[in-house]
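Since the structure comes first, as structure tokens, the remarks are kept for the end.
Nothing in this text is a laboratory measurement; each read-out follows from the coordinates by a stated rule. The structure presented is a predicted model; accordingly, all values stated were derived computationally and were not measured. Counting neighbours? That spans all protein chains shown, and the Cβs are built from the backbone with ideal geometry, glycine included.
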Amino acid sequence: MFLRIPYAIIFCFAVLALQVAGASPASLRIASFNIEWLVATASENNMDPWKDEESLEHHRREIARVLAEKVHADVVCVLESTSKLALEKLVSEPALKPLGYRIYHVESGDDATGQDVAFLSRVPLDRVEGRFVFRVEPKGSKDRLTKHAVIYLHAGKLKLGLLGLHLLAHPEDKRRTSKRMLQAKTADEIIRKEIVARGYVPVVLGDFNDFDPDVAGPEGFPDRRHKVLRVVKDFDKQHDDLELFNAAERIESPAERYSAYWDKNKNDRWDNGEPISMIDHILLDNSLSSRVINTEILHSAHDGSVSDHWPVIVELAR
């Protein structure tokens, strides 16, 4: 004997299940977070700051806490992890494990730092060419954009191709800026020839290590005469206008538009007066403008002791 249950009741139970799991059926929450040298073991890399396994374990535990209690995103682009094993240890932390993140990691090809760009996702991804995540090496580019990853997904009416990237550091160094410009041009090619060509709407996010001249920030910001962000936002040179916009435009107060700080006194936390900047960005296709529900940079997530960056989050209507 079969019990007939009205579809309305089934739907209500489904919505409730999603809410209990922390996901909203009406929106997609996307985040970018530089998690500062997440290695698998303290002895893995002589560039990381961890003195021993205990200090690394504390860092991993705190990153997990922030991701679970504060960020709580459907998809997170994570920067400065060095291996899939490092991420497996992260998602296995008791605070983060209930969220059920799946890891989408690809080796960066950055031999200098060993750092990668990866994604953690609670929503299913689209399989493209037999893979869920991959790096793209445009012909002739010599892979100038070594640290990047691409994923694709459907969520409601959203059909997104996400390009996570980590550009060369030191925005005030002119020599490095010229190399970062080349990386930006490679990103353009990936957006145009891979994401858009497949019929997906582009979202570009990560640590750009550069400033957006179109988005004013707090007083004391460094010189904003930079072009890297403009290059990425203008990925289609056949059109006059910029194709992407910075989600940070939706943060009402310029005083809140900062995502990283310089630990000038090296005490592993942000002290009042230490330089701040906005070098982490989420760039959205113009077609997503009306779908932006909220944009925030989570300064409340930590006091600067967990990372020298804060999570950047955008929530889109599905």
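Normalised by the number of residues in the chain, the average gap of Cα pairs under 8 Å and 6 or more apart makes the relative contact order 17 percent. Mark the label point 7 Å from the Cα of GLU57 along Cα→Cβ and return the residues of the stretch 90-109 whose backbone N is within less than 20 Å of it. Counting only backbone N, you get 90-98.
Model label sites at SER253 and SER92, defined 7 Å from Cα along the beta-carbon direction, differ in position by 4.2 nm.
For the stretch 85-196, what does the alpha-carbon gyration tensor say about shape, rounded, prolate or oblate, given a ≥ b ≥ c as the root eigenvalues, a/c under 1.5 as rounded, and a/b over b/c as prolate? If you can, show how the numbers build up before the last one.
On the way: a/c = 2.21, a/b = 1.38, b/c = 1.60.
In terms of gyration-tensor shape, oblate.
Please report how far the C-alpha centroid of the stretch 88-106 lies from that of the stretch 21-79, rounded to the nearest whole angstrom. Answer, in whole Å: 9.
What GluC sites (Glu not before Pro) does the stretch 250-298 have in DSSP loop regions with at most 15 other beta carbons within 10 Å? Hits after loop and neighbour filter: GLU252. With the Cα gyration tensor of the stretch 118-174 giving a ≥ b ≥ c as the square roots of its eigenvalues, does the rule (a/c under 1.5 for rounded; else a/b larger than b/c for prolate; else oblate) give rounded, prolate or oblate? Because a/c hits 1.5 or more and a/b exceeds b/c, the stretch 118-174 counts as prolate.
Let's test the formula: R0 of 41 Å, r as the Cβ-Cβ distance of GLU137 and GLU69. What FRET efficiency results, to the nearest 0.05?
Numbers: r = 38 Å, r/R0 = 0.92.
Using R0 = 41 Å, I get an efficiency of 0.60.
Using only Cα coordinates, the Kirkwood hydrodynamic radius of the chain works out to 20.2 Å.
Using the crude model of +1 on Lys and Arg Cβ and -1 on Asp and Glu Cβ, and no other charge, please compute the dipole size for the stretch 185-273 relative to its Cα centre, in debye to 20. Don't skip to the answer; put the middle values down first.
Values: 15 positive and 20 negative charges, 51 e Å.
I would put it at about 240 debye.
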